[in-house]
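Below is one structure, written out as structure tokens, with a few remarks after it.
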Amino acid sequence: MRVPPGRRIVLNGVEWTIESVEAHLGRVMLADGAGGVEARSFRWLINHPDLRVLRDAERESRSGPPRQPGSLADLTPNQLERARIRSEHVRERFPGFPTEKIPSRYTLTVVWEEWFGPGGARPRYQRTADAAADAGVSGRVVVHRPGQALALDSTPLPVKLRESVFGEAATATLTLALDLYTHGLPAFRLTLQSDTSVDIAMLLRDVMLPLPMREGWGEEMEWPYAGVPAGMIAEFTSHRVAALPFFAPETGTTDHGGPYKNHDLVEAER
């Protein structure tokens, strides 16, 4: 919204007039008509839940002097360079792009609401949230111990990998398990191309089993946890254990990808 002096607005049913604008302080002075004046920040004003602009004030603002149009001179040298690079990328990437008919952000806002709804969430995420609410799993969960909640997610690795020195570079997927209490990674896996339900099931296996010490690893890589002796862990695993957390997770949150919905994986999780 534009906030020129003289505009009349309504806040919580009370009419106010914008008396002055102090742009250097980021605030406006509001007069209530009874001699009272209050200073409010721009952020407070535009985020007010019950803000309404009076129609006659809207017409007055439109008939006032026009705003100065934006130009490249308004950009800093760094912003100008970024704009130039982005512009060259769109010529190169989309040669037939109609540069004279670029949609405004208001058009993109309308399209975004049509695609994702007024809440801004993707339909499949909204359906999942609704199903969780029906099952009584909604609300905030307070995590206060390791293993209480485990988050599983997959994402394409931003770099390519080689199986050997002379092998072809291939795309890989990073699948990881995050303990929400310690923010530690008890397990992760790299899979060439895309991951499968078997890879995710093996990831859960890695979460629950201790990692053996490898040849060449020093003492600083060995089990350092307080409260449980390293010898006791090594006794039931039959090997020295590395300093990687492992536990039986109580609750797991997963990605929405196809491998996570596989019936075999769901059965393995159970």
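The values are calculated or read from the model by the stated rules, or taken from the named source; none is laboratory data. Computed from a prediction, not measured in an experiment: that's the story for all the values here. Heads up, the Cβs are rebuilt from the backbone with ideal geometry, glycines too, and the neighbour counts pull from every protein chain shown. Remember, those area values only see protein heavy atoms, side chains included, never the ligands or the DNA or RNA. Shrake-Rupley method; radii C 1.70, N 1.55, O 1.52, S 1.80 Å.
When Phe166, Phe247, Phe236, Phe188 are checked against the criterion of being open to solvent by 60 Å² or more (accessible area, probe 1.4 Å) and under 30 Å from Tyr125 (Cα atoms), Phe188 stands alone in meeting it. A Cβ distance below 8 Å, combined with a sequence gap of six or more or placement on separate chains, defines the contacts here; from segment 76-91, residues that are over 17 Å from Ile102 (Cβ atoms) reach residues that are loosely packed, with under 10 Cβ neighbours inside 10 Å and aliphatic (A, V, I, L, M) in the pairs Leu80/Leu72.
Looking at segment 229-249, can you tell me whether even one residue there is within 33 Å of the chain's Cα centre (by Cα) and at pLDDT 90 or above? Taking every residue of segment 229-249 in turn, at least one turns out to be within 33 Å of the chain's Cα centre (by Cα) and at pLDDT 90 or above. Mind checking whether some residue in segment 210-224 is open to solvent by less than 80 Å² (accessible area, probe 1.4 Å), part of a strand (DSSP E or B) and closer than 27 Å to Val143 by Cβ? No, segment 210-224 contains no residue that is open to solvent by less than 80 Å² (accessible area, probe 1.4 Å), part of a strand (DSSP E or B) and closer than 27 Å to Val143 by Cβ. The set of residues from segment 192-209 being open to solvent by less than 60 Å² (accessible area, probe 1.4 Å) and at pLDDT below 90 comprises just one member, Asp195. Scan segment 1-55 residue by residue and report those that are modelled with pLDDT under 85, aliphatic (A, V, I, L, M) and open to solvent by 60 Å² or more (accessible area, probe 1.4 Å). Once the filter is applied, which keeps residues that are modelled with pLDDT under 85, aliphatic (A, V, I, L, M) and open to solvent by 60 Å² or more (accessible area, probe 1.4 Å), segment 1-55 yields Met1, Ala23, Leu25, Ala34, Ile46. When the residues of segment 250-270 are filtered to those that are assigned to a loop (DSSP other than H, G, I, E, B) and of a type in the set (D, E, K, R), the one that is modelled with the highest pLDDT is Glu250. For Val143, the conditions (1) of a type in the set (Val, Ile, Thr); (2) without any contact (Cβ under 8 Å) to a residue 24 or more places away in the chain; (3) open to solvent by less than 80 Å² (accessible area, probe 1.4 Å) all hold with the exception of (2). From the list Ala129, Ala73, Ala133, Ala151, the lone residue that is assigned to a strand (DSSP E or B) and either among the small types (Gly, Ala, Ser) or exposed (fewer than 11 other Cβ atoms within 10 Å of the Cβ) (or both) is Ala151.
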